[in-house]
Structure formats: structure tokens, C-alpha cells
Amino acid sequence: MNYAEIKYCDIANGVGVRTSLFVAGCRHGCPGCFNQIAWDFAMGKPYDSSVEDEIVASLEPDYVAGITLLGGEPLEPENQPALADLLMRIKRELPNKSVWIYSGFTWEELTELESRAQTAHLERMLNCCDVLVDGRFEQALYDISLRFRGSSNQRIIDVPASRAAGEIVLWQGDEILAKRSSWQ
């Protein structure tokens, strides 16, 4: 897997200060995508154990709320093995850190319908994910006023609550993640 960029102390892609990992590779090809350069699986730099160690270390300070995976497409099959391992390590070593994933795949494509995202690693990733921003970017539905998403078709999903309920539960805001952190 390659990555396009790592942003430390990012405040734009989820609640609080976060480390955001922009992976390389995406087949969705959404017109108007803000990060078209990351569609190419070969662009960027190789992701390896030293990069993973740097990411995990960046999450250690108390002021860092968690990690966000975006891209490219984190749930492309080629990206899932390394990312599943990273997320499992984070949940093991830093269990109070939240995990956000931005994906062009919808919740339904990940959990009910057949899609290329369904691999042996997807379940591990969803087990670690707190919030999923799902759906392809749609230029016609672009709205700059939306919080944490680019177009109005995209949903911000509370993954653990959705899995427990057996239906989509939309994320209700910052308080859910704060509450969930205090449960651990």
C-alpha cells in the first residue's frame, strides 16, 4: 500500500485534533473529487512498519482524539490489509482514540450488498471504526456548509450503534465519542 499524505494535528476530518492518513488508490472516480491525485495506487510513498510506528506515536498525546483514514479509498481491497492491522494495533495500544473512516462505499455496500470492498479484512476494519462517512462525493450535491462531508448524500454513521441496532444510526455529534471513551 502507498499513502499520499499524513496530516498530524488535523482538525478538518473528524472531531478534535487527529492524525489523518490519506491512502493512495481509488476506483470510484467521483467527478469533482478534492483529491484526484490520490486515485493512483502507485502515487505517494510506501506504507511500512516505520510509518505505522510514527502514526501510532502521533496518537499518544492526550490532546489527539484519534485517527482518520481517507484517500484515495481506504476500503479498496489493496489498502485493507495494512489498514486493518493499523487499526487493530491502535485499538489495542490506544483504546480511547476514535477511528473515523471516509469511504465512497455506502454502508449498504459494506454490509449488505456485494461490492469489491468485501474482503477478509473489512470486518476487522469495521470492528475498529467509530464513525464512517459513507458515499461517493456528488458534485451536484456539494454543500460547503456540511460538517465533515462534501455532499448531502454522504452520511456520518455511528458504526458501533448501527451494528448493535442492525440498522443505520447516524452520528449525533461530539458527545457520542466522548461518552464512548468514558465507557472503556
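A few points about this structure:
- The chain - mean residue ellipticity at 222 nm from DSSP helices (-39,500 (n - 2.57) per run, n ≥ 4, rounded to 500): -8500 deg cm²/dmol
- Where both bridge residues fall in the chain, DSSP classifies roughly 50% of the beta bridges as antiparallel.
- Sorted on the mean count of surrounding Cβ atoms within 10 Å across their residues, most packed first, peptides 79-85, 8-14, 162-168 read 79-85, 8-14, 162-168.
- Highest mean packing comes first when the peptides 21-30, 128-137 are listed by Cβ atoms within 10 Å, giving 128-137, 21-30.
- Between His28 and Ala12, residue separation times 0.36 nm minus the direct Cα-Cα distance comes to 3.5 nm.
- R0 of 22 Å, Cβ-Cβ distance Ser49-Asn127: FRET efficiency to nearest 0.05: 0.50
- Only the Cβ atoms of Lys and Arg (+1) and of Asp and Glu (-1) were treated as charged; on that basis the dipole of segment 2-183 about its Cα centre amounts to roughly 240 debye.
- Cut-off under 5 Å, modelled amide H: who pairs with Glu5 long-range: Phe22
Any read-out appearing in this document is the output of simple, stated calculations on the displayed coordinates, not a laboratory observation. Every value quoted in this text rests on a predicted model; they were computed, and no experiment measured them. Glycine also receives a Cβ, built like all others from the backbone with ideal geometry; neighbour counts cover every protein chain displayed.
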